[in-house]
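The values are calculated or read from the model by the stated rules, or taken from the named source; none is laboratory data. Everything numeric in this text was worked out from a predicted model, so none of it was measured. Note that we place each Cβ from the backbone using ideal geometry, even for glycine, and neighbour counts take in every protein chain shown. In case anyone asks, the SASA skips ligands and DNA or RNA and just uses the protein heavy atoms, side chains included. Shrake-Rupley method; radii C 1.70, N 1.55, O 1.52, S 1.80 Å.
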Amino acid sequence: MPVYSSLRVRVRKTTFACRNIVLLSAFVAFSALLSPAASIRGVVTDASGAKVTGANVSLVSNGQVAASDVSRADGSFQILTGGNGRYFLIVAAPSFRQLQTPDFYAGQLDSIERNIVLEPAWVRESIVVTATGAPTPGPQTSSSVSVLGPLDLAQRTNLESVMRMMPGVFVVQAGQRGSQTSLFVRGGDSDDNKSLLDGIDMGDLGNQIDLGQFSATGIESAEVYRGPNSNLYGAGAMTSVLSLTTPHGTTSFPSILVEADAGNFLTSHEHVEVAGAHNKLDYLGAFSWLQTGNALPNDEYHAANSVANVGWQPSGNTQIRGTLHYGVDATGVPNAWDFYHVTDNATQKDQDILLSASIDNQTTAAFHNSVRYGLVRKREQFSLWQHTGQLITYDTYGDQAYYGKPVTITGANGYSATGQAQLDYVETYPYQYQLANNRDQLLYQGDIVITPHLAALAGFHFEDERGLENVPSYYEHYTTERTNYDYIAAVHGDFKTRFFYTLGGSLEHYSEFGVQTSPRVGISYNVLKPHNGAFSGTRILFNYGDAVREPKLTDEFGSLYRFLISNGYQSAAQQLHIGQLSAPTVRTYEGGIEQSFFSERIVFRANYFHNQFGRETEYVGGQLLPNLIPGLTPAQKQTLITDLGFYYTDDYGLAVNTEAYRAQGIETTIESGIGRDLFLRGGYTYLDAVVQRSFDGDNEALTGGFAPTYNGTPIGAISPLVGARPFRRAPHTGFFSATYSAKKITGVFNAAFAGRSDDSTYLEYADANGGNSLLLPNRNLDFGYAKLDLSGSYQFLDWLGIYAQGENLLSNQHIAPIGYPSLPMTVRAGVRIQWGLGSGH
């Protein structure tokens, strides 16, 4: 064959092959268009909102990469998958920490939006929800928000210790494990914090919550927003919002986790968890049991907690989820041991049911809706089974009571008093007290992305609350029902990813106090955007907000208004213009700066805050009340004295809105990563709080009452005096934490510090002569302390590990308020057995 003939044949074959390839490619493309495929798309940005180019985005299912893409110049990516099932994304880019998203279900033809925010490799800049009501990177908000993750909460049986690792948060536990634990944030009262679990309000009516009996079982993360936020969460969010979330199952097969440990003080703890996911369904169930003897007589504590979380995704854009937390506990209530050296024979039992059921729908790529139902059923029973102590006649009228042993009480301020303190009354036992808090909530929220730089939110909250207080010994049985409505609206946006703002307001209509409004403004400005260098980013921020709180249940039942109404004096209440308790209020101004160093390897934050609290509730003695109410004629005063009866004669207190104070201070934090395994974080808060108006203590002397003193030093026996600091709020607090997480080893070291704080022994009319000799000056009465905790774990095999935890390593006895010795050093060690790649976390 001639050469040219052979060449012509090869050309014809090549042309034919090319034609086949083109046809095959066209067929494949056409088939892809016709075949059902899920589309997962989104935009990759850093925490400041800048687009990230060249990020590798992998779609993973059953441990295998199903498809992948690389983010483009505008940060966008898109992945198509022909199957359906459960997936998650793994995103990696140079100088950023690798990110794994929560898993999700993708069905055929689903179009799913998953925007990705990458954190710097060295620090943590978390996605937060409490600041704007929708997931938002922390640096794009003006708010002060801290987040605790699974590693921070590992091996914890409750939240008391980890909450000390927050700036501006002062934790007060009046006793040992299981005793009442309160949060005081930025100088606010313990009732000024909104507490959420999976989006529902888990506090008592009027916001009170006891973290001492709340278990960490089934808690994946804790987010704390510091500042007023009634704008988004209704009455109660005066100084903070604590938001807790429940984990859900992720593995494609049932994974099982079993933990068991034991420690000193006869402590044992067991935990079992089963979790997984299949197709559209994910599930998690957990149960824990804790018991301990504590270090005091009559102070045993045990708690059982059950958790369930079930989710179903009928499509990639719709999720239905239900979570349930059920806890029961019982603890001894020995009272203030240092005041008596005899313990009460008393117990407190709690039964709590917290249920959240929600439907989330991504209606369009820009529009998201959620509807949530919340159910809260809380029961508390206190029983003083029998008197203890020595029977003493303490006055010339023959009145008797049971007293503790002779003791010397010494405060951190150096003042001391010696004597016997009244412990129990002479009455019929058992003395019992019951409290019930029931709530049904319906919450709706819709948020829409109007432009890439502007988002809006609107919502509606409804609450039906029922409360009960029952004291059979005194034939007291009070009930209440409250119907509350919140209307919320807010916008969040930015200008050129440098200037960020949040504007919002809410209208609260509460049956207890009427109508209130709560505006909020937040501004954040990047003076220097994040970049490489010694000074690698500067951000300044400003916040303003108002907030309110509804009165708590015990305040409503103990109010002057409720006393008059309950005892048939409605006409007197009307004539004297005495109404229901008003809503306590706060107005806050805040400004701060955030500075990054060495290519964001170190981040420093400093915030100044100024809170003005008004219409606060205090219990004013009956002898003061006739002179307290302005404009009363002598005849009206006498009418009120007659109606008060023994409250006036014995000077018992009733709740009124007569206290005001301000709290200002500075919060500072610094954090850094060393490598990818070690993370360091520390902070210091200075608080300057002062009472500006109080009628409980100061006006006793002005109205001819009996004002207690200590060698001429005035004392606020039950509440602080004007010009003094509010009780149990330390001016100086700080913390340091170090977390290490490698393949087999994890470790967490926490240190919390606090200076001395003002307080009272509360032993008014309680010495052996019915007098006040056991009261001490309020200033610096509570001791300062350092509390050190250390925990760690080691994974021998994929399925077998060990762990240990030590708390209060210095055995500091003065972490609790005066009178209550703290639990000495505790040590627990145990074993962890795990089947499966994860346990739902």
Within region 422-488, GluC sites (Glu not before Pro) in DSSP loop having at most 12 other beta-carbon neighbours inside 10 Å: Glu427
Rounded to one decimal in nm, the spacing of the 7 Å Cα→Cβ label points at Ile666 and Asn532 is 3.4
Where the centroid of each part is defined by its Cα atoms, how far is region 389-418 from region 442-521 in Å? 47
I'd like the Karplus ³J(HN,Hα) series for region 537-552: coefficients 6.51, -1.76, 1.60, θ = phi - 60°, whole numbers in Hz, and an x wherever there's a Gly or Pro. x, 9, 9, 10, 9, 8, 9, 9, x, 10, 7, 9, 9, 7, x, 6
Just to be sure I follow the definition: excluding the sites themselves, where is the longest run in the chain that has none of the trypsin sites (Lys or Arg not before Pro) in a DSSP loop with at most 13 other Cβ atoms within 10 Å? 1-495
With Thr251 itself left out, Lys, Arg at +1 and Asp, Glu at -1 over residues whose Cβ is under 14 Å from its Cβ give -3
As a percent rounded to 5, the proportion of antiparallel DSSP bridges among beta bridges in the chain is 95
If you add up the charges near Tyr478, with Lys and Arg at +1 and Asp and Glu at -1, over every other residue whose beta carbon is less than 9 angstrom from its beta carbon, what do you get? -2
Using bins 10 angstrom wide from zero, how does P(r) for region 664-800 break down, in % of all Cα pairs? 11, 27, 21, 16, 13, 9, 3, 0
Could you please state how large a percent of the accessible area of the chain is carbon and sulfur, counting protein chains only and using a 1.4 Å probe? 60
Under 10 Å from the Cβ of Thr497, count the other residues' Cβ atoms, weight Lys and Arg +1, Asp and Glu -1, and hand me the total. +2
Förster-model FRET efficiency, 30 Å R0, Tyr794 and Ala738, C-beta, rounded to 0.05: 0.95
In square angstrom, what is the accessible area per residue of the chain with a 1.4 angstrom probe? 41
If I model a spin label as a point 7 Å beyond the Cα along the Cα-Cβ vector, how far apart are those points for Arg72 and Gln100 in nm? 3.0
What is the count of Lys pairs in the chain whose alpha carbons sit under 21 Å apart, if the two are 8 or more places apart or on different chains? 8
Tell me whether the chain comes out rounded, prolate or oblate; compute the Cα gyration tensor, take square roots of the eigenvalues as a ≥ b ≥ c, and use a/c under 1.5 as the rounded threshold. prolate
Output for region 466-573: chymotrypsin sites (Phe, Trp or Tyr not before Pro) sitting in coil per DSSP, at most 11 other Cβ within 10 Å, listed by number, reads Tyr475
Taking 51 Å as R0, compute the FRET efficiency from the Cβ-Cβ separation of Gln574 and Thr318 and round it to 0.05. 0.45
Multiply the residue separation of Ile641 and Asn62 by 0.36 nm, subtract the distance between their alpha-carbon atoms, and state the gained length in nm to one decimal. 200.9 nm
So what's the back-of-envelope 222 nm ellipticity for the chain, counting only DSSP H runs of four-plus at -39500 (n - 2.57) apiece and dividing by all residues, rounded to 500? -2500 deg cm²/dmol
Given backbone amide H placed at 1.01 Å from N, residues whose amide H is under 5 Å from that of Ser559, ignoring those fewer than 5 places away on the same chain, are Ala655
Taking 0.36 nm per residue of sequence separation and subtracting the Cα-Cα distance, how much length would be gained by fully extending the chain between Leu810 and Ser473, in nm to one decimal? 117.0 nm
